[in-house]
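What follows is a single structure, written as C-alpha cells, with notes after it.
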Amino acid sequence: MRTLSSLLPYVRRHAWAIVFGILFVFLANSLALTVPIIIGQTVNLIEEGRIHPDNLFHLAFLAVCVAGVAACFRFLMRRVIIDISREVEYEFRNDFFRKLQSLDPSFFDARNTGDLMSRATNDTDALRMLMGPGVMYTANTIFSLPIALTAMLWLDWRLTLVCMAPMLVLTPLVRYFGTRTHRMSRLQQDSFGELTTTVQENLAGIRVVKAYRQEDFELRKFLERNDDYIDKSLELARLQAMFFPSIRLLVGFGFTVLLLYGGHRIIQGHLEVGTLLSFLLLFGMIVWPLIAAGWVINLIQRGIASLERINAILESVPSVTEPEDGAAVVVEAGPPSIELRSLTFQYEGTLWPQLKDIDLHAPPGKTVGIVGPVGAGKSTLVNLLSRFYPVPRGMIFFGGKDINDWPLSELRRRISFVFQETFLFSDTIGWNIRFGSADNTPQDLVEEAAEIAQVHSDIGDLPRNYSTVLGERGVNLSGGQRQRVAIARALMRQADILVLDDTLSAVDTHTEEAILGELRRIMERKTTFLISHRLSTVATADEILVLDEGRIIQRGTHNELNAQPGWYSEMYSRQLSERAIEDYDEEGFAEDPAT
Ligand code: ADP
C-alpha cells in the first residue's frame, strides 16, 4: 500500500482525466451488456410469434445503435486511460532522471549503471502497464461483472448460480498464480538488470576487455546471465501459459453447465430459448473481464515490483545538500582563499580515514602541487573541495567560511575540474568545450581555450573542425587529445579555482610543458591544485604536498623537497633518469647508426 501511495501525486495531477476514463468504462460496459438482453428478448418474441417484421427491424437497429455507442465509449476509455499511463510514465522518467542528477558521486559509487538503466526503462514500462491496461481492465472487470451478474440474476437466478459455480475456484487460482508471478517477475527484472550491466560495462570497457584478451570470459559471463534471464523469463511465461488455459477451462465448464441445465429447464417449460440465448451471450461477455482479471493481477504485481525499484531511487537522499534555509552565507565575488584545518575524512563503509590532519593555506593565485603514491588520497582531497562527498564541518574554509555553508551551486561554479578520466559527450568538439559555459560564448574564446590546451591545431586537422561530432566517449580522438579538450573545457569556465587531477598523464612531456607554459599565465590569477605522478609537472608550484596513506609526509617547494632525503627527492631522481632514457629513445635512436 505504501508503495502504491507514491503514485498519489501523479494520480492527483490527472484526477479529472481518470474520472472521465472510468466513467467511459462504466458507460461502455452498461451499454454493451444491454445488447444480449435486446437480442434474447427479440428471439423470445419471434418464438412466440408476437413480432411484426417492422418491429424486428427496429429491434435489430436498436441493438446495432447501442453496440455502436458502446464502441465509441470504449474508444474514448482507451484513449483517455492509455494517454494518462503514457504521461505518468513520462513524468516518472523525468523525475527519475532529475533525482539521479541531484544525487552525489557516493550514490553512484555504490550502484551500477546497468541496474539504473534498467530501472529507468524496464521498470517505468511496467509502471505504464500498471497505470494503463492495469487500471483500464480492472475498471472494466469491476463494472462489467456486477452489471452482467445483475442482469443474469434478473433473467434467471437459478441458471446464474449454476453457471457461476465453477467460477468459485477462480479466486484461489488467481491468488496462487498472482503470488508466484510477483516473485518471478521481480527475479526476472533483477536478472535483466544484471544482463544490462554486463552489456553496458563491456561497451564502456571494450578496450580493456580486448587488451586483456578477456573476450571469451566476458562472452561466457554474458551467456550465463542471458541464460539466467531466459530461465526466469521462461518460468514466468510457463506460469502465464498455465494460467490462461486454466481460466478458459473454467469458462468452458460454465458454458457446458449452462447448456445442460438451461436446455433441461427449456424442455421442462420453465425457460424460454431467448432467455437462454441472452444468458449465453452475457456469460460470453464476462469471460474476457474474468480472464483480464488474472492478467491484470499480473500487471499489477509486476507494476508494484517495478514501482518499489523506482521508489528505492526516488527516495534516496543526497548526502551532500544545500545549506539549510537561511544558513547559506553570502559569499564575496572574486577568488576565495582556501584553508584546510586538520582535514580528516573517511569514505562511508571504509575502515579507516583516507585523509588525516591535512592543513593548508592557499591564498588566491597560489599553485599547490599534490604528489604521492597511488591511493595516497590525492583525488579524495581535491574532490572534497567541490563537496563531491560530505565534508565534516570546521575543516574546509573558502574565503574564511565553512564550505558547508556555501550555496552548493556557487561553490561548484568557482571550481573548474579536469578529472583523471576524461569524459566527452557524443556531440561536437565545440559543444564539449562550451559545456558548462554560457551558450552564447563567442567562438574566439573557445578557440583561445583550445590553444592554451594545445589542442587547437589538432582540431584544425579534423574534417569539420570544431563541428566534428565525437563518437561515443570521444573515440575518434586520442587519449591525449581528449584530455586536452577536457582542459580547454575547464579553462572556458573562467572559474577562480582550477583543479587538474593527474590530467596530463596521457600527453607526452613536451606537450605537457607547452600546456603548463600557457597555463602559467592563467594560473597567476587562480588558485590551482595540480595533482601529478610526474614530479616535473608540479616543480614550479608554490607549495608541494607529498601525501602517503592520507597524511602529509613532506611539504615545501620543489627545491626544498629535492634538497632533503625522502620520497620526493628519491622519486624525482628516478623520474629524471627515466626521462633521460625517454628523450634518448625519441631523439637518439632515430639516428642510431646501428639501425
Ligand atoms: P590517489 O588519488 O592518491 O591515487 P584516492 O584519493 O583515489 O588516491 O584514494 C585514496 C583511498 O581512498 C584509496 O585507498 C581508495 O581505495 C579509497 N577510495 C577512493 N575513492 C573511494 C570511494 N568512493 N569509496 C571508498 N573508498 C575510496
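Projecting the Cα atoms of ILE452, GLY399, THR468 onto the charge dipole of the range 338-568, computed from C-beta unit charges around the Cα centre, puts GLY399 farthest toward the positive end.
Straightening the chain between THR540 and ALA17 buys 181.5 nm, computed as 0.36 nm per residue apart minus the Cα-Cα spacing.
Ordering ASN383, PHE177, LEU491 by the projection of their Cα atoms onto the charge dipole of the chain, which places +1 on the Cβ of Lys and Arg and -1 on the Cβ of Asp and Glu, puts PHE177 at the extreme positive end. A probe of 1.4 angstrom, applied to the heavy atoms of all protein chains, finds SER426 with accessible area near 70 square angstrom. The relative contact order of the chain comes to 14 percent, based on Cα pairs under 8 Å that sit 6 or more residues apart.
Keeping every protein chain in place, order VAL162, VAL499 by accessible area at 1.4 Å, biggest value first, i.e. largest first. Present the calculation step by step, with values, prior to reporting the outcome.
On the way: VAL162 45, VAL499 0 Å².
If we order VAL162, VAL499 from most to least accessible, we get VAL162, VAL499.
Centre-to-centre separation between the Cα atoms of the range 107-144 and those of the range 409-476: 38 Å.
Take the Cβ-Cβ distance between ASN226 and ILE142 as r, set R0 to 41 Å, and report the resulting FRET efficiency rounded to the nearest 0.05. That pair, ASN226 with ILE142, gives E of 0.55.
Remark: spin-label model distance ASP109-ARG248 equals 5.6 nm, labels positioned 7 Å along the Cα→Cβ axis.
When +1 charges are put on Lys and Arg Cβ atoms and -1 charges on Asp and Glu Cβ atoms, the dipole computed for the chain relative to its Cα centre reaches about 3220 debye. Using only Cα atoms, locate the centre of the range 275-294 and the centre of the range 349-400, then give the distance between them in Å, rounded to an integer. Distance between centres, Cα-based: 72 Å.
To the nearest 10 square angstrom, how much accessible area does GLU448 have with a 1.4 angstrom probe? It works out to around 100 Å².
Looking at the square roots a ≥ b ≥ c of the eigenvalues of the Cα gyration tensor of the chain, which shape do they give, rounded for a/c under 1.5, prolate if a/b is larger than b/c, or oblate? Mind dumping the intermediate values first?
Details: a/c = 3.15, a/b = 2.92, b/c = 1.08.
Note, shape of the chain comes out prolate.
For the chain, the carbon plus sulfur part of the accessible surface works out to 60%, probe radius 1.4 Å.
Helices that extend 18 Å or more along their long axis by alpha-carbon positions and average at least 1.0 on the Kyte-Doolittle scale are, among the DSSP H runs of the chain, 15-47, 135-155, 273-314. A 1.4 Å probe, protein heavy atoms only, puts the accessible area of ASP227 near 90 Å². Cα centroid separation, the range 187-219 to the range 483-551: 34 Å.
In debye, nearest 20: dipole of the range 338-568 around its Cα centre with unit charges on the Cβ of K, R (+) and D, E (-)? Walk me through the numbers on the way to the answer.
Numbers: 24 positive and 30 negative charges, 93 e Å.
I would put it at about 440 debye.
For the pair VAL273 and LEU234, the difference between a 0.36 nm per residue extended length and the Cα-Cα distance amounts to 9.4 nm.
The values are calculated or read from the model by the stated rules, or taken from the named source; none is laboratory data. Everything numeric in this text was worked out from a predicted model, so none of it was measured. Here the Cβ is made from the backbone with ideal geometry for all residues, glycine too, and neighbour counts use every protein chain on show. Calculation scope for accessible area: heavy atoms of the full protein, side chains included, ligands and nucleic acids excluded. Shrake-Rupley method; radii C 1.70, N 1.55, O 1.52, S 1.80 Å.
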